[in-house]
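**Student:** To start, I am sharing the structure in question, which I have written as structure tokens.
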Amino acid sequence: MTAARKFRCAVLSAVKHDYVARGVASHPRFELVVVADDPNVPAWAHERNQQFADAHRIPYMRDVTRALSDFDVDIAIVSPEAERHCGLSIRAARAGKHVVQDKPLATRREDADALVDEVERAGVRFLMWNRNFLPAVLHARDQIAAGVIGKPYAIHADFYFAKDAGPPRGTGQPGYPPINWEAHQIAAHIDGADGGLGREPMGELAVEGIYPLGYIRLLTGADVKKVFARSTAFFHQAHADNGVEDLASVTLEMDGGLLGSIAIGRIGLASHSSGGEIKLHVLGTAGGLVISEARPEVGIYYKGQPPKEARQRRVAGENDLLLADDFARAIDGTRDTVLGVRASRAIFATVTAALESCRTGDVVKVR
């Protein structure tokens with residue numbers, strides 16, 4: 001029996017979420033061989049890239065084109081600042097490389113459309129990194145597929161992410177300048193709270209909306225047609241100063257008369273002791289499901305426990321390994337990944353429509 005082919009991977013910037021590259025590398029069929037970025041990125045970006053390369057004992061090249069060609073790579077893993085996602089992914093696809101990309105898909109509609117065109121023209125596979133293979137989500141998928149609750153007609157996702165994002169709202173002193181978004185996100189990297197890294201301020205719908213919308217798409221297979229949304233900056237001064245939301249609600253009108261809703265927010269560490277409240281509620285013609293995304297989990301409490309340490313710990317989760325395996329199987333065969341480029345484009349369009357609804361107060365069609 002012939003052993004499965006191993007894939008060589010270029011990490012195209014590791015300045016945002018290097019856990020994407022580490023997640024891919026957790027699978028035995030993927031090998032990180034080079035880190036690369038453009039020569040004109042800021043010094044702090046070169047520093048992060050070099051640190052990641054050194055940690056994995058691979059070269060760092062300040063030349064994306066040469067890295068893709070000289071190292072004979074099969075896959076590009078893309079995780080720069082959000083504004084650069086599409087550009088690097090398009091260049092990788094144009095070079096004939098399969099792409100794993102960090103979220104969000106894009107910051108502009110025309111970039112998202114260009115990426116879809118380039119991926120499909122090149123005939124390569126695309127995977128948006130996601131959380132769809134967490135145990136509780138897979139259990140919900142299996143229960144729905146088995147008909148346990150009949151035909152679903154409504155679905156709701158709570159996605160309250162308990163991470164801090166700088167000073168609480170209301171702590172800004174009169175007369176002081178507003179918090180600079182990019183500088184704040186760069187500094188936040190040290191504790192992983194830099195989800196919105198980039199020059200352009202981004203709220204939680206753009207940064208985290210892929211996760212609940214990805215769950216809904218996985219469980220229903222339905223496209224979103226219209227949205228109505230409301231948002232505010234409730235928890236964090238950085239969001240308030242930059243006019244982006246840290247709390248939002250979205251109502252979804254979907255294919256086949258299916259109704260959906262999302263409540264999403266970066267609610268701050270003080271709001272929840274163990275990462276946040278993330279649940280799915282699915283109503284069907286024969287029953288309903290309520291799923292906690294964190295399950296299975298164990299509680300850990302001990303004397304002298306640091307106040308910021310999570311009390312609840314997730315166990316038995318293999319999301320990264322399963323995502324990488326899904327990607328490998330898609331490359332090997334003819335099917336798409338669990339969250340391919342067109343599905344990612346649909347989620348981006350839903351988020352874009354929701355943000356427009358927040359601005360206008362109107363119901364907005366998803367385009």
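Just so it is clear, none of the values below were taken in a lab; they were calculated from the coordinates. Small disclaimer: the values here were computed from a predicted structure and weren't measured. When we count neighbours, we look across all protein chains shown, and the Cβ atoms used for this are built from the backbone with ideal geometry, even at glycine.
**Student:** What's the local net charge at residue 360, with K and R +1, D and E -1, over the other residues with C-beta under 14 Å away?
**Tutor:** +2
**Student:** Modelling each spin label as a point 7 Å along the Cα-to-Cβ direction, I'd like the residue 108/residue 3 distance in nm, to one decimal.
**Tutor:** It works out to 4.6 nm between the two label points.
**Student:** Further, regarding this structure: Please give the direction-averaged projected area of the C-alpha convex hull for the chain, in square nanometres with one decimal.
**Tutor:** So the mean shadow area of the Cα hull is 20.7 nm².
**Student:** Pull up the cross-link candidates among the lysines for residue 151, meaning alpha carbon to alpha carbon under 24 Å and not fewer than 8 places away within one chain.
**Tutor:** Cross-link targets: 225, 226, 279.
**Student:** What residue among 129, 181, 44 shows peak mean-square fluctuation when the chain is described by a Gaussian network model with Cα springs under 10 Å?
**Tutor:** Evaluated over the chain, the most mobile residue of the options is 44.
**Student:** Kindly identify segment 179-278 as rounded, prolate or oblate by the Cα gyration tensor criterion: order the square roots of the eigenvalues as a ≥ b ≥ c, call it rounded if a/c is under 1.5, otherwise compare a/b with b/c, prolate if a/b is larger, else oblate.
**Tutor:** It comes out prolate by the Cα gyration axes.
**Student:** Which peptide among 62-75, 344-357 comes first, and what is the full order, when sorted by highest mean count of other Cβ atoms within 10 Å?
**Tutor:** Answer by packing, highest mean first, reads 344-357, 62-75.
**Student:** Taking 0.36 nm per residue of sequence separation and subtracting the Cα-Cα distance, how much length would be gained by fully extending the chain between residue 305 and residue 367, in nm to one decimal?
**Tutor:** Working: separation 62, 0.36 × 62 = 22.32 nm, distance 4.90 nm.
Gain on extension, residue 305 to residue 367, equals 17.4 nm.
**Student:** Sticking with this structure for a sec: Compare the peptides 80-91, 103-114 by average per-residue count of other Cβ atoms within 10 angstrom and give them in order, highest first.
**Tutor:** Ranked by mean Cβ neighbours within 10 Å, highest first: 80-91, 103-114.
**Student:** While we're here: Excluding residues fewer than 8 places away in the same chain, name every one of the lysines whose C-alpha is closer than 23 Å to that of residue 97.
**Tutor:** 6, 16
**Student:** In whole Hz, what ³J(HN,Hα) sequence does segment 309-321 give by Karplus (6.51, -1.76, 1.60; θ = phi - 60°), x for Gly and Pro?
**Tutor:** Coupling constants for segment 309-321: 6, 5, 7, 9, 10, 6, 9, 6, x, 10, 4, 4, 4 Hz.
**Student:** Okay, next question. Taking θ as phi - 60°, what are the ³J(HN,Hα) couplings along segment 47-55 by the Karplus curve (6.51, -1.76, 1.60), each to the nearest whole Hz, with x for Gly and Pro?
**Tutor:** 3J(HN,Hα) across segment 47-55, in whole Hz: 5, 5, 4, 5, 4, 5, 4, 4, 5.
**Student:** Oh, and also: Arrange the following residues from fewest to most other Cβ atoms within 10 Å of their Cβ: 17, 98, 236.
**Tutor:** Least to most surrounded, the residues fall as 17, 98, 236.
**Student:** If you don't mind, another one. Where is the GNM fluctuation largest for the chain (alpha-carbon springs, 10 angstrom cutoff): 261, 231, 292?
**Tutor:** The residue that fluctuates most here is 292.
**Student:** Taking R0 as 41 Å, what's the FRET efficiency between residue 142 and residue 173 from their Cβ-Cβ distance, rounded to 0.05?
**Tutor:** 0.20
**Student:** With a sphere of radius 11 Å drawn around the Cβ of residue 220, what net charge do the other residues whose Cβ falls strictly inside it have (Lys, Arg +1; Asp, Glu -1)?
**Tutor:** For residues surrounding residue 220, the net value is +1.
**Student:** Now a separate question. Can you give the % of DSSP beta bridges in the chain that are antiparallel, to the nearest 5?
**Tutor:** Values: 34 of 61 bridges.
Expressed as a percentage, antiparallel bridges in the chain total about 55.
**Student:** Of the residues 251, 285, 232, which exhibits the maximal mean-square fluctuation in a Gaussian network model of the chain defined by a 10 Å Cα contact cut-off?
**Tutor:** The residue that fluctuates most here is 285.
**Student:** Right, next: At what distance in angstrom do the alpha carbon centres of segment 143-181 and segment 214-273 lie from each other?
**Tutor:** Going from one Cα centre to the other spans 6 Å.
**Student:** Here is a follow-up. Return the sequence-ordered ³J(HN,Hα) values of segment 261-276 in whole Hz as given by the Karplus equation 6.51 cos²θ - 1.76 cosθ + 1.60 applied to θ = phi - 60°, using x for Gly and Pro.
**Tutor:** Using θ = phi - 60°, the values come out as 7, 9, 10, 9, x, 9, 9, x, 4, 5, 7, 7, 7, 9, x, x Hz.
**Student:** Students often check this: by mean Cβ neighbours within 10 Å, which of 3-9, 120-126 ranks highest, and how do the rest follow?
**Tutor:** Per-residue mean Cβ counts within 10 Å order the peptides as 120-126, 3-9.
**Student:** Here's a follow-up. Can you give me the distance in nm between label points at residue 286 and residue 83, each placed 7 Å from the Cα along the Cα-to-Cβ direction?
**Tutor:** Here the modelled spin labels are 5.3 nm apart.
**Student:** Just subtract the alpha-carbon distance of residue 232 and residue 318 from 0.36 nm times their residue separation and send over the number in nm, one decimal.
**Tutor:** Roughly 27.5 nm would be gained on extension.
**Student:** Let me know the shape class of segment 96-209, please: from the alpha-carbon gyration tensor, a ≥ b ≥ c as square roots of the eigenvalues, rounded when a/c is under 1.5, otherwise prolate if a/b is greater than b/c, or oblate.
**Tutor:** Here segment 96-209 falls in the oblate category.
**Student:** If the chain between residue 273 and residue 183 were fully stretched, how many nm would it gain, using 0.36 nm times the residue separation less the Cα-Cα distance?
**Tutor:** 29.7 nm
**Student:** Which stretch or stretches of segment 226-246 have amide N atoms under 20 Å from the point lying 7 Å from residue 44's Cα along the Cα→Cβ direction?
**Tutor:** Once the point is set 7 Å along Cα→Cβ of residue 44, 236-244 turn out to lie under 20 Å by backbone N, inside segment 226-246.
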